[in-house]
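Take a look at the structure below.
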Amino acid sequence: MVSASKIREVIKSYLSGALDIQKFAECFESLYSEINLAGDPEALALGDRVQAFLGRVSAGYASERDLLAWLIPLSCEPISVNVFIGIPTFPASVNHLVEEKEFPAAKASGTSPVVGFWSGSCLPA
């Protein structure tokens, strides 16, 4: 069974200069023919992308330099990210109480009430 890591090994060999473009195409084609018979979904997707890039180069729509630029991101293992989102609970002393009170100067000016924040440990009397 052909895995994505085997394809990445061939890509890395080409990027390091161990294989020229002709040898790379030969090695890749032998793997690609096996992918359709027995390959995991990741290998199939990776193989299809490399095949498309090689097709563009062989058709003359792209250069070997373009191929190198396209293959660099494909040579690395994909990053998997585990994300945990939790809602922290706080003790009562951290929670805030909103209480509307008139600011003494607000009576004369006619402005809106003020909102105050107090810690649970020192609530106003």
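Couple of notes before you dig in:
- Evaluated against (1) out of contact with any Ser or Thr (no Cβ under 7 Å at 6 or more places or on another chain); (2) assigned to a loop (DSSP other than H, G, I, E, B); (3) crowded, with 18+ Cβ neighbours inside 10 Å, Tyr14 falls short on exactly one condition, (2).
- The condition (being modelled with pLDDT of 90 or more, of a type outside the set (Asp, Glu) and touching a strand residue (DSSP E or B) at 6+ places or on another chain (Cβ under 9 Å)) is satisfied by just one residue among Gly47, Gly17, Gly39: Gly47.
- Subset of the range 20-31 (residues that are surrounded by 15 or more Cβ atoms within 10 Å (Cβ to Cβ) and either at pLDDT 90 or above or farther than 21 Å from Arg56 by Cα (or both)): Phe24, Ala25, Cys27, Phe28
- Of the residues making up the range 1-27, those that are more than 14 Å from Leu67 (Cα to Cα), in contact (Cβ under 8 Å) with a residue 40 or more places away in the chain and among the charged types (D, E, K, R) number 1.
- Any hit, the range 33-42, residues being of a type in the set (D, E, K, R) and without any contact (Cβ under 8 Å) to a residue 24 or more places away in the chain: no
- Residue check for Ala45: loosely packed, with under 15 Cβ neighbours inside 10 Å, within 16 Å of Trp70 (Cβ to Cβ) and hydrophobic (A, V, I, L, M, F, W, C): yes
- Glu34 being at pLDDT 60 or above and in a loop (DSSP other than H, G, I, E, B): no
The values are calculated or read from the model by the stated rules, or taken from the named source; none is laboratory data. Quantities reported herein were computed from a predicted structural model and do not represent experimental measurements. All Cβ positions, glycine included, derive from the backbone under ideal geometry; neighbour counts span all protein chains shown.
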